[in-house]
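The values are calculated or read from the model by the stated rules, or taken from the named source; none is laboratory data. Keep in mind that what you see is a predicted model, and the values were worked out from it rather than measured. Cβ placement follows ideal geometry from the backbone for every residue including glycine, while neighbour counts extend to all protein chains displayed.
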Amino acid sequence: MNSYQGKTYHVVTYGCQMNVHESEKIRGVLSRLGMNEIDDIESADVVVFNTCCIREGAEDRAYNNVMALRPIKEKNPEKIIILCGCMPQQKEGKYKLKERLPFVDIIIGTHNVNQLDQYLLKYAINRERIYDIIEKPIGSLDNNNCIRDDKLNAYVNIIYGCNKFCTYCIVPYVRGREKSRTAQDIYNEVKDLVQNQGYKYITLLGQNVNSYGKDLKDKMSFSELLTYLCTIEGDFKIKFMTSHPMDLGDDLIKVMKKEDKVAKALHLPVQSGSSRILAKMNRHYDIKHYMSIIKKLKHAIPNIALSTDIIVGFPGETEKDFNQTLKLLKKVKYDQVFAFMYSKRTGTPAATFEGQIDDKEKNIRLNKLLRLQKLIQKDQIKKYFNKTYDCLIRHINGVAVGITDGGKEVYIPNYKYVNQNYFAKVKIENIRNHKLSGVIK
Ligand code: 5AD
Ligand code: SF4
């Protein structure tokens, strides 16, 4: 019995899938203290803000939302507010959180969030504010019976941290160096998710999954890990993110092609279409190399769904560089593009680069790029005609729908379904109003 038994909690998450999954683990920790999750942030006894600092906007949003709780905390001093994750882990963050958020009771970083229950128990005894940012990870949150958001797709961490140091990116500073989980640990988790919990998709997570295993005593490459996980019996698919073009080898393309259980979808951030800018970003590849990977992928897996990340307005990006990015989009024809305006992150090399571009110009470039990509995606729909895709069959609003690995919905009229949530081949026979329909083969 502890003083949190029967109390309520609410977790607010900012940022990437890694953070979303970390929050699932935090919910597991809080539930094991005997607490119940509720939707209402204002009445929850404990509120956790799991933060992100990849761009300024993410930080501003988190800061403003924490500030909005101040009057509630003043009315109810018993309420416990916790801030954790990437934002407090920064050495020179925009916000001086310790001083500017005096009403926040517990502030911890990325490396000690796994001790959250210990901090809460300590706080219950002393009622003293806790501010603890440490530089090296201790233990991990793995195998913690997390409470997952989704019933179909489960996130599984395979590697933490990043060694790449792209010049714009704060991640290596707040998440530390690469640290892989053992293949056996990952295998056991995936097997349980698929065979005991009925998950259909497993999404393997890492800042750079292609670096997997380099730091392990029993070395194993990412493609070997995939092959190993595909030996797990069951009707499921494996997705993964994020891949780095520099580390993506032919071995991975081979495994993606060969293994039915590996989804035919790849998120491969290019960041810029200009080799000059890529060099300044410290990405370790040029456009020629990137395009050679895309070519090999499309050749080996014609149905592959490709997505990417792009940064517009990196310091020194000229009209010419930007146009090269537009040209790249036209060439690759991604199924999805996540584009961001460059955001200056204090402590990263690019923050001090000359040629910083003003927000207005970045905005113009971003909108131009998004408009182009919208047209490309509209046009891309044609490629589905008469092709057969491996789909997850679901019932949506009483209709049978197949979901491709890239997330496209294919309506299956005239299908007398008996069950759902299984994989089947679907041939697309019709495209009307940008909607696909087809038949199960
Ligand atoms: N500014 C804008 N976008 C960034 N990203 C990373 N750092 C920054 C930054 N400083 C983007 C990259 C990365 C994605 C997760 O976020 O495109 O792939
Ligand atoms: Fe950031 Fe680059 Fe590492 Fe991705 S690979 S997390 S962009 S430093």
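At-a-glance table
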| item | result |
| --- | --- |
| Matching residues in the stretch 272-285 - criterion: being outside any helix (DSSP H, G or I) and within 16 Å of ligand 2 (Cβ to nearest atom) | S272, M281, N282, R283, H284, Y285 |
| Residues located in the stretch 126-152, provided they are under 17 Å from S180 (Cα atoms) and hydroxyl-bearing (S, T, Y) | S140 |
| Which numbered condition T167 misses (of (1) of a type in the set (V, I, T); (2) part of a loop (DSSP other than H, G, I, E, B); (3) touching a Cys at 6+ places or on another chain (Cβ under 9 Å)) | (3) |
| C52 being surrounded by 15 or more Cβ atoms within 10 Å (Cβ to Cβ), closer than 25 Å to T346 by Cβ and out of contact with any helix residue (DSSP H, G or I) (no Cβ under 8 Å at 6 or more places or on another chain) | no |
| Subset tally (residues that are touching a Lys or Arg at 6+ places or on another chain (Cβ under 8 Å) and either part of a loop (DSSP other than H, G, I, E, B) or within 16 Å of ligand 2 (Cβ to nearest atom) (or both)) for the stretch 259-271 | 3 |
| Residues of the stretch 310-335 that turn out to be surrounded by fewer than 15 Cβ atoms within 10 Å (Cβ to Cβ) and either within 21 Å of the chain's Cα centre (by Cα) or not assigned by TED's automatic domain parsing to the domain that holds N367 (or both), as a count | 0 |
| Those helices (runs of 4 or more DSSP H) lying entirely in the stretch 1-77 with at least 2 residues free of Cβ contacts under 8 Å to residues at least 40 places away in the same chain | 56-67, 70-75 |
| Hits in the stretch 187-236 - residues which are of a type in the set (D, E, K, R), part of a loop (DSSP other than H, G, I, E, B) and under 20 Å from E259 (Cβ atoms) | K200, E233, D235 |
| Members of the stretch 157-189 found to be among the aliphatic types (A, V, I, L, M) and either within 16 Å of ligand 1 (Cβ to nearest atom) or under 21 Å from C84 (Cβ atoms) (or both), listed by number | I159, I170, V171, V174 |
| Scan of the stretch 254-298 for residues that are within 25 Å of V171 (Cβ to Cβ) and among the charged types (D, E, K, R), ordered by number | R276, K280, R283, D286 |
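Matching residues to (1) at pLDDT below 95; (2) assigned to a strand (DSSP E or B); (3) among the aromatic types (F, W, Y):
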site	(1), (2), (3)
K362	no, no, no
L366	no, no, no
K378	yes, no, no
D390	no, yes, no
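Quick grid of which residues meet (1) surrounded by fewer than 20 Cβ atoms within 10 Å (Cβ to Cβ); (2) not assigned by TED's automatic domain parsing to the domain that holds L83:
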| position | (1), (2) |
| --- | --- |
| Q115 | yes, no |
| Q118 | yes, no |
| K122 | yes, no |
| R127 | yes, no |
| F165 | yes, yes |
| I186 | no, yes |
| L193 | no, yes |
| K200 | no, yes |
